[in-house]
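We did not get these values from a lab; they are worked out from the coordinates using the rules stated. Note that the structure is a prediction, hence the values are computed from the model and not measured. We place every Cβ from the backbone using ideal geometry, glycine too, and count neighbours over all the protein chains shown.
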Amino acid sequence: MKKSRRRFLRDSACGLTAAALASSLDRFAIINAMVQQPDVAADYKALVCVFFSGGSDCNNMVVPLDSEYNAYNSVRSASGLAIAQSALIPINPASGRQFGLHPNLSPEVANPSGVLPGLLAPWNQGKLAILCNYGSLLQPTTKAQYQSNVGGAFRPYQLFSHSDQVNQQMTSICNRTGQTGWGGRVSDVTGGLNGVSPLPMSVSVAGTSLYLTGVTSRQLAIGTGTLASVLNLNWNGPTAANPFTSGSAYRQLLGFDTSATLIKSASDTTNQALSADTTLNQPDPTVTPTFPTTGIRNQLKQVAKLIKLGNTPAASGGLGMHRQIFFVSLGGFDTHTNETSTDPTVPNGAGGQGNLLT
């Protein structure tokens with residue numbers, strides 16, 4: 001059976017100690033061969049992280065509708081945070097308990113006309129899962145352990161600091177400040193599924209993201225608007241050195257001194273930027289979903305365009321990718337006041353959190 005070069009290098013690395021091999025190989029590409037990489041995938045999948053910056057009040061997003069609603073209401077009604085039971089959208093998971101979605105997670109239920117549909121239909125179709133009781137936790141902890149916090153063993157790092165909690169949600173590391181995101185680490189170990197690709201697996205439409213920061217993989221941060229304009233790479237030098245021209249003096253320089261790891265890394269980054277610019281410098285693909293006119297809409301529409309290009313073979317004018325990870329963000333969820341309203345079913349009069357969920 002014939003072996004690919006990647007598999008040959010990987011299997012060879014397994015026959016030597018990591019220390020012995022690493023001491024003799026100082027190229028990023030060869031070191032990466034030591035990491036088990038999957039074969040190129042035959043299908044296409046995308047992961048899109050929509051980050052609610054500020055911390056959305058999850059206790060008003062999914063509310064118990066069974067016997068526990070009275071406990072919820074008694075705790076929250078005095079502060080004006082409780083949502084009326086009649087306003088919640090009932091859902092019935094397989095556990096047998098009944099819960100209620102915030103009315104503006106699917107505003108078309110209370111407002112059949114004039115708003116776009118939300119999450120109820122995907123839930124009913126079995127396309128939506130809700131992960132409950134999720135948050136920063138070092139280990140299973142009792143109330144007494146939390147209050148005693150002996151040696152700092154039970155409380156997550158900087159528990160009441162917004163910036164640290166954002167860090168923990170993006171990194172899944174809660175006992176210190178994480179330096180890589182879980183999306184980036186996924187890209188590190190699954191990048192091989194794309195084979196040779198014109199774009200990185202990870203793309204942020206909300207600025208450079210810790211969530212997409214990996215150890216060996218890079219992310220591409222782009223803006224909204226037409227794809228041809230998102231990178232804005234320009235050249236003002238001699239025509240003969242134009243980096244956008246194949247074989248130019250600039251392009252030739254990128255091939256020099258690649259034996260030095262740092263220079264090779266810088267050249268690879270530049271080459272990848274030029275490749276991305278060439279790839280994106282084309283008319284936008286047509287996407288069929290209707291997007292409302294909001295900031296998060298512009299980010300998600302950009303993601304939809306890149307998904308369409310990514311899932312189109314290169315021979316047909318697409319990117320021919322197999323795995324992509326995207327990051328978009330919606331801010332303003334740090335709702336100290338005016339979180340909800342007397343009628344949270346009003347799509348844009350439901351208080352701070354309700355309006356953002358709309």
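So here's what we get for this one:
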quantity	calculated
Among ASN236, ASN70, ASN338: highest mean-square fluctuation, GNM of the chain, C-alpha pairs under 10 Å	ASN236
Region 232-336 shape via C-alpha gyration tensor axes, a/c threshold 1.5	prolate
Inter-centroid distance (Cα atoms) of region 193-248 relative to region 133-182, Å	34 Å
Percentage relative contact order, the chain, counting C-alpha pairs under 8 Å, at least six apart	22 percent
Dipole magnitude (debye, nearest 20) for the chain, charges at Cβ of Lys, Arg, Asp, Glu	1020 debye
When the convex hull of its Cα atoms is projected in every direction, mean area for region 84-209 (nm²)	13.0 nm²
Pairs of Lys in the chain closer than 30 Å at Cα, counting only those 8 or more apart or on different chains	10
Cut-off under 5 Å, modelled amide H: who pairs with PHE51 long-range	VAL328, SER329, LEU330
Listed residues TYR250, GLN168, VAL115: farthest to the positive end of the dipole of the chain (Cβ charges)	TYR250
Computed [θ] at 222 nm, deg cm²/dmol, the chain (DSSP H ≥ 4; -39,500 (n - 2.57); rounded to nearest 500)	-8500 deg cm²/dmol
Options (1) 216; (2) 132; (3) 157 - which one matches volume of the Cα convex hull per residue in Å³ as calculated here	(1)
